[in-house]
Amino acid sequence: MKSPLLSLPGAVPAEGVDEGVAAHYGDLFREQRTLADGAGFVDLSHRGVVTVTGDDRLSWLHLLLTQHVSDLPEGQATEALVLSAHGHIEHALYLVDDGTTVWIHVEPGTQDALIAYLESMKFFYRVEVADRTEEFAVVHLPAGSIAEVPEGAVVRETPYGRDLFLPRADLESYAEKSGPAVGLLAYEALRVEHHRPRLGFETDHRTIPHELGWIGTAVHLQKGCYRGQETVARVQNLGKPPRRLVFLHLDGSEVHLPPAGTEIRLADDGPDGRKIGFVTTSVRHHELGPVALALVKRNVPLDARLVADTTAAAQEVVVEP
């Protein structure tokens, strides 16, 4: 779904899964600084929007999600996962309940599969699931923003800022009042800085929550049964995840960033060394320079010198080995 804000001056469209919104508006580092200073807004209108209504909405979702939501207070933001039977991550949900409706935003294009799963689990529960993507757009205000929130807008308040669910028809008028617009690349740079994983970027078909630090933030360890819980409990109590998320400081003298999927090796092993991980997201940060998130084998020494293809990289621990 193409955003009307792509008509704003300087807008350069994003590509791939983020197609439909602006990657930037002409000055990537200025946009990052704007966002870091608590100003501007980010157009996330390409994300899927799903609502769940009905008297049983919270108790029902509690049975399906990794998060404890049966007693979720009105207006309190949380995030949750849907796991496979083997504990692998299938969906990441960012949600809030407004007292009558649970509002959820998800990765672009994943809402259909999520809704199909939710519909298959309704049984006798008094719930209704709806795709609201064509009606509502997500807009992000950074932490510290004093921008006015339109009356009636549903808000997710998080440590990183506020996610607004706005009527899609109001997106252009909101942009006129609440600028400047900031592109998705700036938003992604701050996401990487804060070590926040993203479904489809930091995950693959075998990722479990422990590898990415989602235990606690998206997975509640003291709640009742849900699909994939056995794997979560077994790894938490008896073992360690096979991989761990790391933050990489990349050699700033390199012209090109190593793209997602770039193989990581131990520098001491040379170019023919065995693969010990891969880059998941790489960005140029306005203060830190070139940085990345990556998944590496759990037993990689914390002081090991790494290379992403030919780019030297120093690791910073995100998930403890």
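The values are calculated or read from the model by the stated rules, or taken from the named source; none is laboratory data. Keep in mind that what you see is a predicted model, and the values were worked out from it rather than measured. Using ideal geometry, Cβ is built from the backbone for each residue, glycine included, and neighbour counts are taken over all protein chains shown. All accessible areas refer to the heavy atoms of the entire protein, side chains included, with ligands and DNA or RNA removed. Shrake-Rupley method; radii C 1.70, N 1.55, O 1.52, S 1.80 Å.
Points worth noting:
- Normalised contact order of the chain, rounded percent, pairs of Cα under 8 Å and 6 or more residues apart: 19 percent
- Average accessible area per residue (Å²) across the chain - probe 1.4 Å, nucleic acids and ligands excluded: 45 Å²
- Taken over region 117-197, the alpha-carbon convex hull comes to 147 cubic angstrom per residue.
- Per-residue accessible area (protein heavy atoms, 1.4 Å probe) orders Lys177, Lys240, Lys297, Lys122 as Lys177, Lys240, Lys297, Lys122, starting from the largest.
- Calculated P(r) of region 195-267 - Cα pairs past 16 Å, %: 59 percent
- Set of region 42-86 residues, backbone N closer than 19 Å to the point 7 Å along the Cα-Cβ line of Val12: 42-44
- Nonpolar atom fraction for the chain, defined as the carbon and sulfur part of the 1.4 Å probe accessible area, stands at 51 percent.
- Considering only alpha-carbon pairs that sit under 8 angstrom and 6 or more positions apart, the relative contact order computed for region 75-145 is 19 percent.
- Whole-number D in µm² s⁻¹ for region 10-51, Kirkwood Cα-pair radius fed into Stokes-Einstein, 25 °C, 0.890 mPa s: 215 µm²/s
- Dimensions in Å of the chain - Rg and Dmax from alpha carbons: 20.1, 60
- Convex hull of Cα atoms in region 230-308, direction-averaged projection (nm²): 6.5 nm²
- Value at 222 nm in deg cm²/dmol, rounded to 500, when DSSP H runs of n ≥ 4 in the chain each add -39,500 (n - 2.57): -5000 deg cm²/dmol
- Cα pair distances exceeding 18 angstrom across region 1-124, given as percent: 61 percent
- Cut-off 11 Å, label 7 Å out along Cα→Cβ of Ala267, residues of region 298-315 by amide N: 304-308, 311-315
- Using a simple spin-label model with pseudo-atoms 7 Å out from Cα toward Cβ, Lys223 and Phe29 lie 4.3 nm apart.
- Assigned charges on the beta-carbon of Lys, Arg, Asp, Glu; the chain dipole about Cα centre (debye): 960 debye
- Residues of type lysines that Lys240 reaches as a straight line, Cα spacing below 25 Å, ignoring anything fewer than 8 places off in the same chain: Lys223, Lys275, Lys297
- Comparing Ser70, Leu93, Gly38 along the charge dipole axis of region 23-110, the residue lying farthest to the positive side is Gly38, per the Cβ-charge model.
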